[in-house]
Amino acid sequence: MSHRAVPAILIAIAFVCPAHAADLSFSLGGEVEYDHNVFRRERNREDDVLFRLRPGVRVHEDRGENVDFSVRYELPVEFAAEHNEELQDEDHLLDGRFEYRVNDRLSIFGNDRLSFLRSTLRNVQLGSDADVVGTPQIGTERDRVTLNDASLGLRYRFAPRLQGNLVASSRYFDTTRRDRSENYSISGVGSADYVLTQKHQIGGGLRYTFQDFADRLNFSGSTSHTYNGFATWRWLIDPTLNLEISAGPSYLQTRQDDAAPARNESFVPFVPLAPGTTVFALDRNSNLANQTAGSAGAVVVPSFFANAGTGPTQNCASIDGQPVALGCTVNVFLDGVGDAAEFDAVQNSIAVVNSNPRGRSDESLTVFATAVIAKHWTPNLHSALRYRREQGDASGLGGTVILDAVSLSNTWDFAERWQLALRGDWTTRESAFELRQTLDTVQPTPVGTLAFPLAGRTGTAFNTDQDAEVSTRRWGVAGRITHRLFRSTLVYVQVRYDRQGSDRGSLGRSSDFENYLATFGVRHTFEPIKLW
C-alpha cells in the first residue's frame, strides 16, 4: 500500500478520542446475494450465489459538548456457491470523522475513508440524501482495489448571515489491474455563503485540484491542474421544495510524460498444435474467443492482447479474436501461461526502441456544476433530483476525465418500521484530454509449418498521435425495502440492475458489463458500551 493511502485523518482522530467520552459499539450483518454476472463481463457471463458476513466495531461520541467523533472498522468476508476459489476473500473498510467546535464561530472538521477490497461488495445508498453511485471497481481479474478519500476543513461564521469555509481534500486509487494506473489527487477550496433573505442564500468560491497518474500498460503517466471558480444559489421555494445550484468556469491543463525510449520485452511464445485444434486468443474487448483452425493447424497465443482501437489496425484480422494479418500495427501484451510458462523471458528477449516517445500537453476550458432539487411530498415521502459535472479519474483508465451524472432518488416510510427506497442513475465519463498511446510495431512471424504467420515484435515502437480516449456510459436502477424488526435490527431486500457501455475503439471497452443483483440481508447493532 502506498504512503499516499495512509489515513492521516484517522490518525488525528485517534489522538482526539482518549480526551473525551466515548462509546464502543459492535455490529454484525449477513447477506445472501444472487449475482447474474459475478465477473462483470460483457460476454461469457457466469452467475453465482454469494454469502457475506459483515462484522464491525465502532468507537464514537455523537453528543459531545464541543467534540463529536466516530471511528469504524468493518471486515466483510465473502463466499460463493460455485466460484468460491475465485471469489472467496475478505475486505477491509475503515472510516472516521470528527468535528471540533472551538467556539461559537469556529469549527474544525475532518473525515477519512479507507477501503481495501475486491469489490463485488457495494454499499448502495438509496435515500434521497445519498451521493451518486460511482462505477464499481471490479474487472475480470477480480482485481484488488485500494481507495482512500480524506478531507480536513474549517468553518468560520463572520456574522449571523455570513459564513466562510476552507477545505483541503485528497483521493488515492490503486489496483492490481495492469490496464489501470495508480493515481492520486489533492485539492483545496475556499468559499463563502451569505443568507440574503429567508428564502435565498448566495455564495461563491475558488477551487484548485492537482491529479497525478502513474504509468500503465501502453500509456505513460500524466499530471493535470484544474482551476475552478463557482457561484452558488440556494432557493427555498416553499416549505416543501428547495433548489440548490453551483456552477462556474474551469480551466484544465495536462502534461503527459514521455514514454521510455527503450525497453526489453519477451518474444511471443507460440505453441503449435494439431490440425483442427481450437485457437485461444483475446478479442478486442479482452474476452476469451474460441476459433477453430483450418487444415493447416492452430496456434495457442498465451495472453495475447491485440488492441485494435487505432487507425493502423482497422483492417487487421486480429479484430474479434482472428489471427493477426500481415502488416498490422498492434499493441502486444504477453504473459506466458501453460506450456509457455517455461519460456525464459530473460534470455529470450528483444530490445524495443521507441522512435517517437514524446508525450503531449493540452489545455481545455469547460464548466463544472451541481444542481439539486428536493421535494418533501409528505413528512414520510421525500424525493431528490441531482445533476453534477466535475473532474474525475475513471479509476486510472486514461488520465483526467469529465464526469456527468444524474440521479433520482426517493424514500417512503409507508408504514411503521417499514421503508421503501428507489433510485436511478445515469453517468458518463469522457476524457478531458487526448493521450498518446505507445504501440509496438509487429511483423509476420512464421511458426512451424503453419500456412499463415502470426505477429511478432520487430523491436520498434512509437507513440501514436491518434485519439486514445475514455467514452463510457452507465445506467443503474435499484430498489430496497427495509424493515426495522427490532430497535437495533434491520432486515432488507434489495434488487439492482446496472449496465455499462463504451464507444467502439475507446478505452474502457474491456470493463463493459450488464448485471442483475438480488440481495437479502440482516444487520444488528449491539447496545453500546461506555469506555470512559
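Things worth noting here:
- Two-decimal ratio, segment 356-441, of alpha-carbon radius of gyration to 2.2 N^0.38 Å: 1.69
- Simple label model, 7 Å out from Cα along Cβ direction - ASN264 to ALA415, nm: 7.1
- At 0.890 mPa s and 25 °C, Stokes diffusion of segment 148-235 via Kirkwood alpha-carbon radius, µm² per second: 160
- The label point for LEU162 and the one for THR460, both projected 7 Å from the Cα toward the Cβ, are 6.7 nm apart.
- With a cut-off of 12 Å between beta carbons, the residues surrounding ARG97 carry a summed charge of -4, where Lys and Arg count +1 and Asp and Glu -1.
- Once the chain from THR240 to TYR73 is taken as fully extended at 0.36 nm per residue, the excess over their C-alpha distance is 56.4 nm.
- 10 Å beta-carbon shell around SER187, net charge (K/R +1, D/E -1): +2
- Each label was represented as a point 7 Å from its Cα along the Cα-to-Cβ direction; for HIS200 and TYR516 these points are 5.1 nm apart.
- Whole-angstrom gap from segment 363-420 to segment 510-528, using each part's C-alpha centre: 20
- Computing FRET efficiency as 1/(1 + (r/R0)^6) for LEU154 and ILE186, where r is the C-beta to C-beta distance and R0 is 22 Å, gives about 0.80.
The numbers here are math on the coordinates, done by the rules we state, and not lab data. None of these values were measured; they are calculated from a predicted model. All Cβ positions, even for glycine, are placed from backbone atoms using ideal geometry, and neighbour counts span all protein chains on display.
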